[in-house]
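Chemist: I have a structure here, written as structure tokens, and I will follow up with some questions on it.
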Amino acid sequence: MKTEVKKLDSNKREINIEVSGDIVKNKFDDVFNQISKEAKVAGFRPGHAPRDILEQKYSSHAHELVMKELIPQLYNQAIDKEGLEVIELPSISEVKLDRTALSFKAQVEVSPEIPLKNYKGIKVNYKKIEVSPEAIKRNIDSLKEARKIDVVPNVVTQVDSHRHPEETPQKDTTFGIDDSFAKSLGYPNLAEFEKAMEKQIYIQEENLQRQRIEKEIIESITNGLDFKLPQSMVNRQLQDLVRQAKLDLVLKGSPREKIEEQEKTITGQLEPEARSQVKIYLVLSAIAKRENIAIDDHMPRNVMEFLLKEANWIESSE
């Protein structure tokens with residue numbers, strides 16, 4: 001098989017593929033054997049019609065079958081041979097086939113070459129997380145106020161419609177921060193409730209800090225990188241974002257007609273986010289390849305864990 005790759009732009013390639021000899025001849029033999037088993041030719045039992053009669057009657061069909069079977073096979077061999085990382089289905093053109101040779105062109109979109117910056121030793125500023133008694137108290141007070149609000153509607157629904165409000169017995173909605181309050185929330189006593197609240201606040205602060213650090217690392221590895229994004233990837237990501245946005249609007253009760261009217265506006269608003277997500281994914285993929293990290297559904301998380309492990313952690317006093 002002969003292959004020749006022509007660079008059309010930074011992300012597109014045109015592959016000229018040619019094959020001749022036994023590969024094509026043998027494929028035609030296989031196809032006509034298959035046709036012979038299924039063809040109904042007057043005067044002959046299935047599988048016994050002469051080849052020349054089959055060729056006269058089924059030549060066009062045989063050509064279609066040969067192309068259908070050989071082109072995908074040869075295309076896959078070609079991209080493996082040329083080491084191309086294709087990210088979109090090919091556009092096939094200029095197909096030429098006779099009984100001894102097949103040639104065609106395949107235009108493909110490939111992953112761009114990304115000029116990675118130094119991604120090891122990124123400075124990460126972190127703060128030791130401590131939960132103060134004041135923070136615990138604030139959260140408990142907020143919960144207490146929320147429970148007061150929840151109780152009020154229940155009290156109102158108990159008002160007899162035939163009474164004036166001032167005649168209605170008022171229910172005491174005062175909550176004390178004590179063991180009884182803790183038990184009402186499913187804890188044996190106030191001390192255990194405060195411990196649980198402290199743990200919850202710690203986890204929340206830890207998650208916020210982790211999100212901030214990961215965002216800063218992403219900015220560090222992507223800022224200043226200039227490369228052309230594959231439009232097919234941007235389009236797919238944008239379609240997913242728009243689909244999710246429309247679903248969110250449906251769940252909020254927006255009429256479908258109104259959502260369809262807004263689709264163009266939604267698409268325009270989400271395109272920058274789609275481009276950003278594709279850029280981040282490609283940079284993480286490039287790091288994964290360099291560090292021999294598997295390119296699978298877990299790749300973004302695995303690369304981020306690698307970057308965190310290789311980062312320069314600096315404790316902040318603020």
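The values are calculated or read from the model by the stated rules, or taken from the named source; none is laboratory data. Small disclaimer: the values here were computed from a predicted structure and weren't measured. Cβ atoms come from the backbone with ideal geometry, glycine included; neighbour counts cover every protein chain shown.
Chemist: For the stretch 202-227, which positions are surrounded by 11 or more Cβ atoms within 10 Å (Cβ to Cβ) and touching a Pro at 6+ places or on another chain (Cβ under 9 Å)?
Modeler: Across the stretch 202-227, the qualifying residues are Leu225, Phe227.
Chemist: Also, I was wondering about something else. Is it fair to say Ser20 is within 15 Å of Leu97 (Cα to Cα), modelled with pLDDT under 85 and exposed (fewer than 15 other Cβ atoms within 10 Å of the Cβ)? Before you say what the answer is, go through the steps one by one.
Modeler: On the way: within 15 Å of Leu97 (Cα to Cα): yes; modelled with pLDDT under 85: no; exposed (fewer than 15 other Cβ atoms within 10 Å of the Cβ): yes.
Considered against the rule, which asks whether it is within 15 Å of Leu97 (Cα to Cα), modelled with pLDDT under 85 and exposed (fewer than 15 other Cβ atoms within 10 Å of the Cβ), Ser20 comes out as no.
Chemist: Taking Pro255 and the conditions (1) modelled with pLDDT of 90 or more; (2) surrounded by 13 or more Cβ atoms within 10 Å (Cβ to Cβ); (3) out of contact with any Ser or Thr (no Cβ under 7 Å at 6 or more places or on another chain), which numbered condition does it fall short on, given that it satisfies the others?
Modeler: Pro255 satisfies all of (1) modelled with pLDDT of 90 or more; (2) surrounded by 13 or more Cβ atoms within 10 Å (Cβ to Cβ); (3) out of contact with any Ser or Thr (no Cβ under 7 Å at 6 or more places or on another chain) except (2).
Chemist: Go over the candidates Ala62, Ala106 one by one and state the one that is in a helix (DSSP H, G or I) and surrounded by 14 or more Cβ atoms within 10 Å (Cβ to Cβ).
Modeler: Details: Ala106 fails: in a helix (DSSP H, G or I).
Residue meeting the stated conditions: Ala62.
Chemist: Next up: Among the residues of the stretch 93-105, is any modelled with pLDDT of 95 or more, under 26 Å from Phe227 (Cβ atoms) and in contact with a strand residue (DSSP E or B) (Cβ under 7 Å, 6 or more places away or on another chain)?
Modeler: Yes; the residues of the stretch 93-105 include at least one that is modelled with pLDDT of 95 or more, under 26 Å from Phe227 (Cβ atoms) and in contact with a strand residue (DSSP E or B) (Cβ under 7 Å, 6 or more places away or on another chain).
Chemist: Specify which of the listed residues (Asn118, Asn154) is at pLDDT 90 or above and either among the polar types (S, T, N, Q) or within 40 Å of the chain's Cα centre (by Cα) (or both). Reasoning before the result, please.
Modeler: Details: Asn154 fails: at pLDDT 90 or above.
Exactly one residue qualifies, and that residue is Asn118.
Chemist: Only one of (1) touching a strand residue (DSSP E or B) at 6+ places or on another chain (Cβ under 6 Å); (2) in a helix (DSSP H, G or I); (3) not small (Gly, Ala, Ser) is not met by Trp313, so which one is it?
Modeler: So Trp313 meets the others, but not (2).
Chemist: Further question on the same structure: Just one of (1) part of a helix (DSSP H, G or I); (2) surrounded by 12 or more Cβ atoms within 10 Å (Cβ to Cβ) trips up Ile293, so point out which.
Modeler: Only one criterion in (1) part of a helix (DSSP H, G or I); (2) surrounded by 12 or more Cβ atoms within 10 Å (Cβ to Cβ) is unmet by Ile293, namely (1).
Chemist: Show the residue pairs meeting these rules: Cβ distance below 6 Å; 6+ apart or different chains; first residue within the stretch 73-87 and over 21 Å from Ile295 (Cβ atoms) and free of Cβ contacts under 8 Å to residues at least 40 places away in the same chain; second residue part of a strand (DSSP E or B) and not charged (D, E, K, R).
Modeler: Once the first residue is over 21 Å from Ile295 (Cβ atoms) and free of Cβ contacts under 8 Å to residues at least 40 places away in the same chain and sits in the stretch 73-87, no partner that is part of a strand (DSSP E or B) and not charged (D, E, K, R) comes close enough.
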